[in-house]
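The values are calculated or read from the model by the stated rules, or taken from the named source; none is laboratory data. If you're wondering where the values come from, they're calculated on a predicted model, not measured in any experiment. Methodologically, a virtual Cβ is constructed for each residue, glycine included, from the backbone with ideal geometry; neighbour enumeration extends over all protein chains shown.
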Amino acid sequence: MARMKERDAERGVSDQPLTEKQKAAIAEARNVHAAKTAQFDILQQSKLASVFEPTQREQLDAEYRDELRRLNDDLERNIDKIRRAAKD
């Protein structure tokens, strides 16, 4: 742990505690992400229920994974943005 803190200090990364406002904003971002993911899961299940061709199912699965990756990346960007807001 000490080595990680030293490495962060060398790279200019500071360890600032989050404010209550930031914590609330991060929690809200995570809740929105969870809702979008749940909605997308339901839509994916309904699409898969109507498709029986293996190639089409593979395509739907690939699209599903891409969309989940995009949603997760959006969440991480939003959280990073919220955390950086305190430094500015």
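Residues of the range 34-88 that are without any contact (Cβ under 8 Å) to a residue 60 or more places away in the chain and small (Gly, Ala, Ser): 34, 35, 38, 46, 49, 50, 62.
Considering the range 22-46, and only residues there that are charged (D, E, K, R) and modelled with pLDDT of 95 or more, the residue that is farthest from residue 71 (Cα to Cα) turns out to be 28. Within the range 55-83, no residue satisfies the criterion of being of a type in the set (Phe, Trp, Tyr) and loosely packed, with under 13 Cβ neighbours inside 10 Å.
For the range 29-43: of the residues being among the hydrophobic types (A, V, I, L, M, F, W, C) and under 11 Å from the mean Cα position of the chain (by Cα), which is farthest from residue 80 (Cα to Cα)? Among those that are among the hydrophobic types (A, V, I, L, M, F, W, C) and under 11 Å from the mean Cα position of the chain (by Cα), it is 34.
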